[in-house]
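A quick write-up on the structure given underneath.
Just so it is clear, none of the values below were taken in a lab; they were calculated from the coordinates. Just so it is clear, the model here is predicted, and its values are computed rather than measured. Here the Cβ positions follow ideal geometry from the backbone for every residue, glycine too, while neighbour counts run over all protein chains shown.
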Amino acid sequence: PEQPDIYSDGSDHMERMLLFAFLAESSGCEFREQLPFLQSQGILCSVKGVQSYDSDGELQTDGNRSGHLQNGELVLDPEVNEEIVRTIAAQLAEIGDQLDKQIKAKVVNDLVQHFLNENLPREEITRCLSQAVEGLARAIPSDLEQEKAMLVLAMLLTKKVANQVPSLLQRVFSTTVNYISQHLHNYIVRMLRE
């Protein structure tokens with residue numbers, strides 16, 4: 001059975017932190033008072049009291065994840081640093097604010113309709129988001145590297161959908177995390193290490 005959307009086993013923790021910080025930094029975020037609610041829903045595991053691996057402690061999962069739950073405790077790679085995540089999120093939010101005007105309302109409206117359709121399975125709605133991001137990335141002339149553009153656009157669409165229908169925030173948040181952890185995880189890891 002599918003896990004409830006909002007809980008995570010911690011494997012996409014970096015993506016969650018980054019998206020959360022992006023929304024918090026982004027201008028024109030009209031659901032800001034809902035953000036603490038996301039945290040209380042367990043969408044973001046707290047990073048306090050993080051344990052890291054011992055010297056040869058390999059990850060048990062597929063090796064490119066940044067954390068997992070062990071006895072209910074989140075175990076993170078040492079390099080997930082909240083300060084760095086916030087700094088990067090602020091830079092991405094700035095780029096997002098510049099791209100914001102170029103996103104056509106129709107793209108957002110179509111996505112809103114998909115998100116409102118509760119019968120759509122998660123894979124399908126992630127695919128809709130992916131198509132929207134890729135279409136925008138092609139349409140927007142930008143000197144950004146492709147992966148950065150796609151990351152910013154995905155997070156920007158999260159904001160725009162939730163601005164339009166604030167009740168969709170949780171669903172669009174977890175879908176975007178799903179999308180970026182599937183497609184852009186390694187890029188985010190590289191970005192946080194730089």
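Some observations on this one:
- Length added when fully stretched, Gln98-Glu33, from 0.36 nm per residue minus Cα-Cα: 21.1 nm
- Trypsin sites (Lys or Arg not before Pro) within the range 99-188: DSSP coil, no more than 15 neighbouring Cβ in 10 Å: Lys104
- Length added when fully stretched, Ser167-Gln91, from 0.36 nm per residue minus Cα-Cα: 24.7 nm
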